[in-house]
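Here is the structure we will look at, set down as structure tokens.
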Ligand code: MEV
């Protein structure tokens, strides 16, 4: 665990600071080194040669805005959380909701299980029972071999392949498929590369022993053997507590609402994965599959209000398998800087942070949706983007923004065409506001 830090004072008024003051504050609190602040100030990574190391046919970088979520205290430790995301209000909502929890409750986490899953498919086996028996008898030898040859590095760090299981899948055409699950502890790696190599390595010995044909090998993103759990417990008024519980039940029972609820959760998680160079598609796939584990797609979060103790409890439990070593996480300077800012000591710490921000983001959304509505929190900030999108020049921006806020208040709706219209009126002199 990281050294316990009290950053409360540093978080105060953070959103009101200028960008330069933010760099200064982050350097003061030890979240950024001054050379990292310079790197960010200069626009971040410029080296196209590095891009060539990541992908093919490189033509440039796609820059996303990166901000920091403040006020998070997770398992008693204050964290500054980097988030790379294009959507307005996500970082503001996360920081605001984290402050609310900080004032009246706490966020804690747990890791349930350590193993990731690799799959070896045999599309058609002649005699499943015989096959299963042969694999089970040989599994200790297979594990020893693969740990010696492929996963040696992991074994040295306390990880490696731990067990092998055989699953039977009855096909609709009457044939029998066998799937071998290889379970391994990837330590601080996300584990995709090593797991794929482990499975490929086992292909020959499995075929040699059983005479059956291996048809493919790949890791699984539905890692229900390694779950991260985040829990929020806080005192709230009965009215808001009950509203959040009702919103939660809606998302638990209705897949249409569950999809939007879980998108909101991922609003909190994906930006951290991107900032730290992690594979957000893998986490998304795993989370959605886990959300449908009983056959119906449901919310990945659950909120309940206890009126006796006036306590709201929220839980998120999901596979969030991330890495802090290898691949982009170590090569990309911004990912490196983000990992340092988080002051994590293991990949599990990063999973815990992701789970918490996802849960907190969900609470922020449910609170807004069941009280003021999404427009006020979301669109008000979006006005800024509409103003820029309409082409307002520096001098015109505050005037257009103010007028759009008035329109929003009046009509409860706002769009780009409103912004264009306001700007047109302003320029044609209909609204003589240059003098205001
Ligand atoms: C918007 O990006 C996310 C929300 O739709 C999430 C939700 O509905 O819970 C606000």
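Angle of helix 280-291 to the longest C-alpha principal axis of the chain, folded into 0 to 90 degrees and rounded to 10: 80°. The slack in the chain from residue 177 to residue 203, taken as 0.36 nm per residue of separation less the alpha-carbon distance, amounts to 7.8 nm. Maximal additional length on extending the residue 240-residue 371 stretch stands at 46.4 nm, based on 0.36 nm per residue less the C-alpha distance.
Give the relative contact order (percent, whole number) for the chain; include only Cα pairs under 8 Å separated by 6+ residues.
17 percent
Using the Cβ-Cβ distance between residue 106 and residue 18 with R0 set to 22 Å, the FRET efficiency from 1/(1 + (r/R0)^6) comes to roughly 0.10.
Placing dummy labels 7 Å off each Cα toward the beta-carbon, the span from residue 86 to residue 47 is 2.7 nm. In segment 10-166, Rg over Rh equals 1.15, where Rg is the alpha-carbon radius of gyration and Rh the Kirkwood radius from pairwise Cα distances.
To the nearest ten degrees, helix 238-253 and the longest principal axis of the Cα atoms of the chain are 40 degrees apart. Just so you know, the averaged projected area of the alpha carbon convex hull for segment 116-219 sits at 6.0 nm². Site pair residue 124 and residue 222 shows an inter-label distance of 2.4 nm when each label is modelled 7 Å from Cα along Cα→Cβ. The gain in end-to-end length when the residue 59 to residue 38 segment is fully stretched comes to 5.1 nm, 0.36 nm per residue minus the alpha carbon separation. Using bins of 10 Å that start at zero, the share of Cα-Cα pairs per bin across segment 223-358 amounts to 13, 39, 30, 16, 3, 0, in whole %.
All alpha carbon pair distances within segment 144-281 were sorted into 5 Å bins beginning at 0; the resulting P(r) in whole percents reads 2, 7, 12, 14, 14, 12, 12, 10, 8, 5, 3, 1, 0, 0.
Of the three principal axes defined by the Cα atoms of segment 279-436, the extents in descending order read 59, 50, 32 Å.
Helix 192-210: angle to the longest alpha-carbon principal axis of the chain, degrees 0 to 90, nearest 10? Around 20 degrees separate the two axes.
Label-to-label distance for residue 253 and residue 306 is 2.4 nm, based on points extended 7 Å past Cα in the beta-carbon direction.
Computing Rg and the Kirkwood Rh from the Cα coordinates of the chain gives a ratio, Rg/Rh, of 1.04.
Since every read-out is calculated from the coordinates, none of them should be taken as a lab result. Quick caveat: nothing in here was measured; it's all calculated off a predicted structure. Using ideal geometry, Cβ is built from the backbone for each residue, glycine included, and neighbour counts are taken over all protein chains shown.
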